[in-house]
C-alpha cells in the first residue's frame, strides 16, 4: 500500500493545526475567527503541496528537432513555494533556458515544471536543480540554465528582518549545466529578470 500524498490527509492536518493553536495560547472561543482556521489551513496545504501528487506530475511533451538552432528561453515566470525550514512562503520569478538537442519541449512545459517543483516545502536552489534535471532527462539538451529570484518571508518577517530595497543578488539562485550557449542565455536574460522586483 502506497503512502498518502503529503498534505492530503486533511483531517489529520486540521487536528494538528487545532492543537498548534491551543499550544500557542490562542482560544477559538474568545477569537471566533479562529474557529475555521484548522480547516482553511488544511485546504491550503493540500493545494500548495500539490507538487507531491503523482497525478499532477506534468506530462511534458517533446518534439523531434534537428539538433541545431538557437536557445529556447522563457523568462519572468512567476512562482511561489514554502520554505522547508520555517514553513513560510517565498516567491518570485524564474528564467529557464535550454539549448535543444534532438528534442524540443512544448513551450508551456517549463512553466508547468516550475509549478510542480515549487508546490511543496522547498529550497530555492533545489527547485532549479530539479527543473534542470527534468529537462535533461526528457529532452537531452546541449545545455540548460535556470535562474530563480525570490523574496523569502523567513528573512523579512523574522531574524535579520532584511527589507528589500532594489535588487538583492543574495536571492538570485542559478543552476547551469554545460554548454556555453546556455550560459549565454543566462547572461542575456539575467538583466531582464533583475530589472523588476519579484
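No value in this document is a laboratory result; all are computed from the given coordinates. For clarity, every value in this text was computed on a predicted model and none was experimentally measured. Cβ atoms come from the backbone with ideal geometry, glycine included; neighbour counts cover every protein chain shown.
What ranking do 133-139, 25-31, 143-149, 67-73 get when scored by the average of other Cβ atoms within 10 Å per residue, highest first?
143-149, 133-139, 67-73, 25-31
Sort 120-129, 81-90, 95-104 by packing, meaning the average of other beta carbons within 10 Å per residue, with the highest value first.
Per-residue mean Cβ counts within 10 Å order the peptides as 95-104, 120-129, 81-90.
Evaluate the distance, in nm, between pseudo-label points positioned 7 Å from the Cα of residue 153 and of residue 76 along their respective Cα→Cβ axes.
2.5 nm
Pulled fully out, how much extra length does the chain show between residue 85 and residue 68, if you take 0.36 nm times their separation in residues and subtract their Cα-Cα distance?
1.9 nm
Go ahead and collect, in residue order, the members of segment 59-87 whose backbone nitrogen is under 19 Å from a label point 7 Å along the Cα-Cβ direction of residue 16.
81-87, by backbone N distance to the label point.
Scale the Cα Rg of segment 10-52 by the rule-of-thumb value 2.2 N^0.38 Å and send over the ratio, two decimals.
Dividing the Cα Rg of segment 10-52 by 2.2 N^0.38 Å gives 1.21.
Kirkwood Rh, Cα Rg: Rg to Rh for segment 22-90?
Value, to two decimals: 1.23.
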